[in-house]
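Shown next, in C-alpha coordinates, is the structure this report addresses.
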Amino acid sequence: MMGHAIGVHAYGQSGIEFLLVDRSLPRHRVRRCRVDVQLEMDHSEVYRDGDNTRLIPTSSITNSVLAIGERHTGAEPETFALALAERFLAMGHPPRAADVSVSCAELDPLAAGPAQPGARHFGPSAGPRDHAHVTLPRDGEPTVRGGLRDIGLFVTGGATFTGFARDAYTTTQTFTDRVFAARLDLTWQHADRDVDHRACRLRAARAVTEAFTGHTSRSSQHTFYQLGASVLDACPEIAHVRVEGAHLTRALVDLSPFGIDNGGRVYTVADDQQSTVAVDVHRT
(Lines give C-alpha, C1' and ligand atoms only; values in the text may rest on other atoms or scores of the structure.)
Protein backbone atom coordinates (compact mmCIF):
# COMPACT_ATOMS: atom_id res chain seq x y z
CA MET A 1 0.00 0.00 0.00
CA MET A 2 1.36 3.39 -0.98
CA GLY A 3 1.87 6.06 1.67
CA HIS A 4 0.54 9.59 1.75
CA ALA A 5 2.14 12.97 2.15
CA ILE A 6 0.60 16.36 2.85
CA GLY A 7 1.49 19.01 0.33
CA VAL A 8 0.71 22.70 0.35
CA HIS A 9 -2.07 23.43 2.82
CA ALA A 10 -3.85 26.62 3.74
CA TYR A 11 -6.95 28.00 5.39
CA GLY A 12 -8.46 31.41 6.00
CA GLN A 13 -11.56 33.55 5.97
CA SER A 14 -13.19 35.26 2.99
CA GLY A 15 -15.91 37.84 2.56
CA ILE A 16 -15.20 39.83 5.74
CA GLU A 17 -17.24 42.99 5.11
CA PHE A 18 -17.46 46.14 7.20
CA LEU A 19 -17.51 49.95 7.04
CA LEU A 20 -14.51 52.16 7.77
CA VAL A 21 -15.45 55.69 8.85
CA ASP A 22 -12.63 58.24 8.91
CA ARG A 23 -13.47 61.30 11.03
CA SER A 24 -9.93 62.69 11.13
CA LEU A 25 -10.74 65.46 8.63
CA PRO A 26 -13.59 68.01 8.59
CA ARG A 27 -15.06 66.19 5.60
CA HIS A 28 -15.54 62.60 6.70
CA ARG A 29 -14.73 59.56 4.56
CA VAL A 30 -16.75 56.33 4.48
CA ARG A 31 -15.74 53.11 2.74
CA ARG A 32 -17.37 49.71 2.50
CA CYS A 33 -14.57 47.16 2.67
CA ARG A 34 -14.17 43.47 1.96
CA VAL A 35 -11.17 41.46 3.13
CA ASP A 36 -10.16 37.94 2.10
CA VAL A 37 -7.38 36.16 4.02
CA GLN A 38 -5.59 32.91 3.25
CA LEU A 39 -2.79 31.57 5.42
CA GLU A 40 -0.38 29.03 3.96
CA MET A 41 0.53 26.69 6.81
CA ASP A 42 3.15 24.17 7.84
CA HIS A 43 0.81 22.52 10.35
CA SER A 44 0.50 19.07 8.81
CA GLU A 45 -0.51 17.52 12.15
CA VAL A 46 -3.81 19.41 11.97
CA TYR A 47 -4.74 17.59 8.77
CA ARG A 48 -3.05 14.27 9.46
CA ASP A 49 -3.79 13.74 13.17
CA GLY A 50 -6.58 16.17 13.99
CA ASP A 51 -4.19 17.91 16.41
CA ASN A 52 -5.41 21.52 16.73
CA THR A 53 -2.74 22.70 19.18
CA ARG A 54 -1.22 25.14 16.70
CA LEU A 55 -4.42 25.98 14.80
CA ILE A 56 -5.72 29.52 15.27
CA PRO A 57 -9.54 29.64 14.78
CA THR A 58 -10.88 31.73 11.93
CA SER A 59 -12.66 33.97 14.44
CA SER A 60 -9.19 35.31 15.26
CA ILE A 61 -8.72 36.19 11.60
CA THR A 62 -12.01 38.09 11.41
CA ASN A 63 -11.44 39.90 14.69
CA SER A 64 -7.88 40.83 13.66
CA VAL A 65 -9.22 42.41 10.47
CA LEU A 66 -11.77 44.48 12.38
CA ALA A 67 -9.41 45.50 15.17
CA ILE A 68 -6.62 46.55 12.82
CA GLY A 69 -9.17 48.26 10.59
CA GLU A 70 -9.98 50.58 13.48
CA ARG A 71 -6.39 51.88 13.28
CA HIS A 72 -6.48 52.23 9.48
CA THR A 73 -9.70 54.13 8.77
CA GLY A 74 -7.86 56.58 6.52
CA ALA A 75 -5.31 54.16 5.05
CA GLU A 76 -5.19 53.00 1.47
CA PRO A 77 -5.90 49.29 0.84
CA GLU A 78 -2.22 48.51 0.23
CA THR A 79 -1.21 49.86 3.65
CA PHE A 80 -4.10 48.12 5.40
CA ALA A 81 -3.45 44.78 3.67
CA LEU A 82 0.25 44.89 4.55
CA ALA A 83 -0.55 45.64 8.20
CA LEU A 84 -2.89 42.65 8.28
CA ALA A 85 -0.32 40.35 6.70
CA GLU A 86 2.30 41.45 9.23
CA ARG A 87 -0.16 40.79 12.06
CA PHE A 88 -0.83 37.24 10.87
CA LEU A 89 2.88 36.47 10.62
CA ALA A 90 3.33 37.73 14.19
CA MET A 91 0.89 35.19 15.64
CA GLY A 92 2.07 32.64 18.15
CA HIS A 93 1.99 29.91 15.51
CA PRO A 94 2.75 31.86 12.34
CA PRO A 95 1.92 30.61 8.85
CA ARG A 96 4.45 30.17 6.06
CA ALA A 97 2.85 33.07 4.23
CA ALA A 98 -0.11 35.41 4.55
CA ASP A 99 -2.17 36.31 1.50
CA VAL A 100 -4.50 39.28 2.02
CA SER A 101 -6.87 40.98 -0.41
CA VAL A 102 -8.61 44.23 0.48
CA SER A 103 -11.18 46.03 -1.66
CA CYS A 104 -12.94 49.25 -0.69
CA ALA A 105 -15.86 51.09 -2.26
CA GLU A 106 -15.91 54.78 -1.37
CA LEU A 107 -19.35 56.10 -0.50
CA ASP A 108 -20.13 59.37 -2.27
CA PRO A 109 -20.76 62.50 -0.15
CA LEU A 110 -24.19 63.98 -0.67
CA ALA A 111 -24.50 67.60 -1.77
CA ALA A 112 -25.90 69.81 0.98
CA GLY A 113 -27.13 73.33 1.48
CA PRO A 114 -25.24 76.18 3.20
CA ALA A 115 -26.28 74.97 6.65
CA GLN A 116 -24.81 71.51 6.04
CA PRO A 117 -21.39 71.44 4.34
CA GLY A 118 -21.82 67.78 3.38
CA ALA A 119 -19.31 66.44 5.89
CA ARG A 120 -21.43 63.60 7.30
CA HIS A 121 -24.00 62.56 4.69
CA PHE A 122 -23.30 59.89 2.10
CA GLY A 123 -24.99 57.92 -0.63
CA PRO A 124 -24.08 54.71 -2.47
CA SER A 125 -20.74 54.36 -4.18
CA ALA A 126 -20.84 55.15 -7.89
CA GLY A 127 -17.23 54.49 -8.80
CA PRO A 128 -14.95 51.45 -8.99
CA ARG A 129 -13.54 49.73 -5.91
CA ASP A 130 -10.01 50.37 -4.70
CA HIS A 131 -8.14 47.09 -4.39
CA ALA A 132 -4.90 45.70 -2.97
CA HIS A 133 -3.41 42.21 -2.79
CA VAL A 134 -0.47 41.52 -0.48
CA THR A 135 1.49 38.28 -0.18
CA LEU A 136 3.96 38.20 2.71
CA PRO A 137 6.16 35.10 3.19
CA ARG A 138 7.55 34.35 6.64
CA ASP A 139 11.14 34.64 5.44
CA GLY A 140 10.93 37.13 2.61
CA GLU A 141 9.79 40.48 1.32
CA PRO A 142 6.13 41.31 0.62
CA THR A 143 4.63 41.44 -2.83
CA VAL A 144 2.21 44.37 -2.96
CA ARG A 145 -0.23 44.84 -5.82
CA GLY A 146 -2.75 47.64 -6.13
CA GLY A 147 -5.56 48.33 -8.51
CA LEU A 148 -9.16 49.17 -9.28
CA ARG A 149 -12.08 46.75 -9.56
CA ASP A 150 -15.40 46.87 -11.43
CA ILE A 151 -14.67 49.74 -13.78
CA GLY A 152 -17.74 50.10 -15.98
CA LEU A 153 -17.39 51.68 -19.43
CA PHE A 154 -19.94 52.41 -22.15
CA VAL A 155 -19.92 54.38 -25.39
CA THR A 156 -23.09 54.98 -27.40
CA GLY A 157 -21.47 54.66 -30.82
CA GLY A 158 -18.37 54.95 -32.94
CA ALA A 159 -16.76 51.64 -31.95
CA THR A 160 -15.87 49.27 -34.80
CA PHE A 161 -15.16 45.56 -35.28
CA THR A 162 -13.98 44.64 -38.77
CA GLY A 163 -11.38 42.54 -40.55
CA PHE A 164 -11.45 39.66 -38.05
CA ALA A 165 -10.67 36.03 -38.88
CA ARG A 166 -13.51 33.68 -39.73
CA ASP A 167 -13.97 29.94 -39.50
CA ALA A 168 -16.83 27.52 -40.14
CA TYR A 169 -18.64 28.57 -36.96
CA THR A 170 -18.30 32.35 -37.14
CA THR A 171 -21.61 34.22 -37.15
CA THR A 172 -20.34 37.61 -35.95
CA GLN A 173 -21.17 40.53 -38.20
CA THR A 174 -18.82 43.39 -38.97
CA PHE A 175 -19.54 46.70 -37.24
CA THR A 176 -18.41 50.15 -38.26
CA ASP A 177 -20.47 52.08 -35.72
CA ARG A 178 -21.47 50.06 -32.66
CA VAL A 179 -22.03 50.64 -28.97
CA PHE A 180 -19.32 49.26 -26.72
CA ALA A 181 -19.63 48.17 -23.08
CA ALA A 182 -17.04 46.63 -20.80
CA ARG A 183 -16.41 45.88 -17.15
CA LEU A 184 -12.78 45.50 -16.16
CA ASP A 185 -10.27 45.29 -13.35
CA LEU A 186 -6.82 46.87 -13.18
CA THR A 187 -4.03 45.27 -11.15
CA TRP A 188 -0.61 46.89 -11.00
CA GLN A 189 2.68 46.49 -9.21
CA HIS A 190 4.98 49.34 -8.29
CA ALA A 191 8.68 49.43 -8.98
CA ASP A 192 9.36 50.62 -5.39
CA ARG A 193 7.62 50.26 -2.03
CA ASP A 194 7.72 53.97 -1.14
CA VAL A 195 4.67 55.08 -3.09
CA ASP A 196 1.76 57.45 -2.53
CA HIS A 197 -0.90 54.86 -3.30
CA ARG A 198 -3.83 57.26 -3.20
CA ALA A 199 -2.28 59.78 -5.59
CA CYS A 200 -1.27 56.99 -7.96
CA ARG A 201 -4.74 55.45 -7.90
CA LEU A 202 -6.40 58.78 -8.64
CA ARG A 203 -4.08 59.38 -11.60
CA ALA A 204 -4.69 55.86 -12.91
CA ALA A 205 -8.47 56.27 -12.72
CA ARG A 206 -8.30 59.62 -14.50
CA ALA A 207 -6.02 58.15 -17.17
CA VAL A 208 -8.50 55.36 -17.90
CA THR A 209 -11.35 57.85 -18.29
CA GLU A 210 -9.37 60.12 -20.58
CA ALA A 211 -8.02 57.23 -22.66
CA PHE A 212 -11.46 55.70 -23.14
CA THR A 213 -13.15 58.95 -24.12
CA GLY A 214 -10.38 59.78 -26.59
CA HIS A 215 -10.16 56.32 -28.13
CA THR A 216 -11.97 54.60 -31.01
CA SER A 217 -12.30 50.93 -30.15
CA ARG A 218 -11.49 48.44 -32.91
CA SER A 219 -11.92 45.47 -30.54
CA SER A 220 -12.06 44.74 -26.83
CA GLN A 221 -8.42 43.69 -27.00
CA HIS A 222 -7.47 46.99 -28.61
CA THR A 223 -9.31 48.98 -25.96
CA PHE A 224 -7.96 47.04 -22.98
CA TYR A 225 -4.38 47.50 -24.16
CA GLN A 226 -4.85 51.23 -24.70
CA LEU A 227 -6.25 51.61 -21.18
CA GLY A 228 -3.31 49.72 -19.68
CA ALA A 229 -0.82 51.81 -21.62
CA SER A 230 -2.51 55.00 -20.42
CA VAL A 231 -2.07 53.90 -16.80
CA LEU A 232 1.67 53.36 -17.30
CA ASP A 233 1.98 56.76 -18.99
CA ALA A 234 0.18 58.50 -16.12
CA CYS A 235 1.90 56.61 -13.30
CA PRO A 236 5.67 56.28 -13.73
CA GLU A 237 5.88 54.49 -10.37
CA ILE A 238 3.93 51.50 -11.78
CA ALA A 239 6.17 48.83 -13.32
CA HIS A 240 3.43 46.86 -15.06
CA VAL A 241 -0.35 46.59 -15.12
CA ARG A 242 -2.83 43.83 -15.95
CA VAL A 243 -6.15 44.77 -17.53
CA GLU A 244 -8.71 41.99 -17.23
CA GLY A 245 -12.44 41.88 -17.69
CA ALA A 246 -15.24 41.35 -20.15
CA HIS A 247 -16.79 42.85 -23.22
CA LEU A 248 -20.47 43.09 -22.33
CA THR A 249 -22.89 42.27 -25.11
CA ARG A 250 -25.32 45.07 -25.88
CA ALA A 251 -27.37 43.93 -28.87
CA LEU A 252 -29.92 46.10 -30.64
CA VAL A 253 -33.43 44.81 -29.93
CA ASP A 254 -35.40 43.90 -33.06
CA LEU A 255 -38.70 45.76 -32.71
CA SER A 256 -39.74 45.32 -36.35
CA PRO A 257 -42.43 42.69 -35.49
CA PHE A 258 -44.27 45.53 -33.74
CA GLY A 259 -43.83 47.98 -36.60
CA ILE A 260 -41.20 49.95 -34.67
CA ASP A 261 -37.89 51.11 -36.08
CA ASN A 262 -35.39 50.81 -33.24
CA GLY A 263 -32.97 53.56 -34.15
CA GLY A 264 -30.29 52.67 -31.64
CA ARG A 265 -32.41 53.33 -28.57
CA VAL A 266 -33.16 49.92 -26.98
CA TYR A 267 -30.45 47.30 -26.31
CA THR A 268 -30.37 43.98 -24.53
CA VAL A 269 -28.41 43.59 -21.31
CA ALA A 270 -27.12 40.04 -20.93
CA ASP A 271 -24.11 39.86 -18.62
CA ASP A 272 -24.24 36.15 -17.74
CA GLN A 273 -22.32 35.17 -20.87
CA GLN A 274 -19.31 37.39 -21.40
CA SER A 275 -16.43 37.70 -23.84
CA THR A 276 -13.42 37.77 -21.53
CA VAL A 277 -10.23 39.68 -22.29
CA ALA A 278 -6.92 40.06 -20.43
CA VAL A 279 -3.64 41.77 -21.25
CA ASP A 280 -0.44 42.52 -19.31
CA VAL A 281 1.18 45.81 -20.24
CA HIS A 282 4.86 46.28 -19.33
CA ARG A 283 7.41 49.00 -19.77
CA THR A 284 10.06 48.41 -22.42
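The values are calculated or read from the model by the stated rules, or taken from the named source; none is laboratory data. Treat the numbers as computed from the prediction; the structure is a model and nothing was measured. Reconstructed Cβ throughout: ideal geometry from the backbone, glycine too, with neighbour counts over all protein chains shown. What goes into the accessible areas is simple: the full protein's heavy atoms, side chains included, and nothing from ligands, DNA or RNA. Shrake-Rupley method; radii C 1.70, N 1.55, O 1.52, S 1.80 Å.
Among [x] 248; [y] 164; [z] 152, only one was calculated for this model; which label is it, if the read-out is volume of the Cα convex hull per residue in Å³? Only one listed value fits the structure, namely [x].
Just check the stretch 53-103 against the gyration tensor rule for me: Cα atoms, a ≥ b ≥ c as the square roots of the eigenvalues, rounded for a/c under 1.5, and otherwise prolate or oblate depending on whether a/b exceeds b/c.
Values: a/c = 2.39, a/b = 1.73, b/c = 1.39.
Note, shape of the stretch 53-103 comes out prolate.
Compute a Gaussian network model of the chain, connecting alpha carbons closer than 10 Å, and tell me which residue from Thr172, Thr135, Thr213 fluctuates the most. Largest GNM mean-square fluctuation: Thr172. Element breakdown for the chain at a 1.4 angstrom probe: carbon and sulfur atoms account for 50% of the accessible area.
About the centre of its Cα atoms, the chain shows a dipole size close to 680 debye [charges on the beta carbon of Lys, Arg (+1) and Asp, Glu (-1) only; nearest 20 debye]. For the chain, modelled as a GNM whose springs connect Cα atoms under 10 angstrom apart, the maximal fluctuation among Asp185, Asp150, Asp167 occurs at Asp167.
Leu19: net charge of surrounding residues, Cβ under 12 Å, Lys/Arg +1, Asp/Glu -1, itself excluded? Can you show the working numbers first?
Details: positive: Arg29, Arg31, Arg32, Arg34; negative: Glu17, Asp22, Glu70, Glu106.
Summing Lys/Arg as +1 and Asp/Glu as -1 gives 0.
Let a ≥ b ≥ c be the square roots of the eigenvalues of the Cα gyration tensor of the stretch 95-237; is it rounded (a/c under 1.5), or, if not, prolate (a/b larger than b/c) or oblate? Oblate, because a/c is 1.5 or more while a/b does not exceed b/c. Kindly identify the stretch 82-177 as rounded, prolate or oblate by the Cα gyration tensor criterion: order the square roots of the eigenvalues as a ≥ b ≥ c, call it rounded if a/c is under 1.5, otherwise compare a/b with b/c, prolate if a/b is larger, else oblate. Oblate.
As a length-normalised measure over Cα pairs under 8 Å and 6 or more apart, the relative contact order of the chain settles at 12 percent.
Looking at the chain alone, DSSP beta bridges between its own residues are antiparallel in about 100 percent of cases.
For the stretch 11-163, the solvent-accessible area of protein heavy atoms averages 51 Å² per residue (probe radius 1.4 Å; ligands and nucleic acids excluded).
Let me have the 222 nm mean residue ellipticity of the chain computed from DSSP H runs of 4+ only, each contributing -39500 (n - 2.57), with the sum over all residues rounded to the nearest 500. Spell out each step's value before the answer.
Details: 5 runs with 64 residues, N = 284.
Theoretical 222 nm ellipticity from helices: -7000 deg cm²/dmol.
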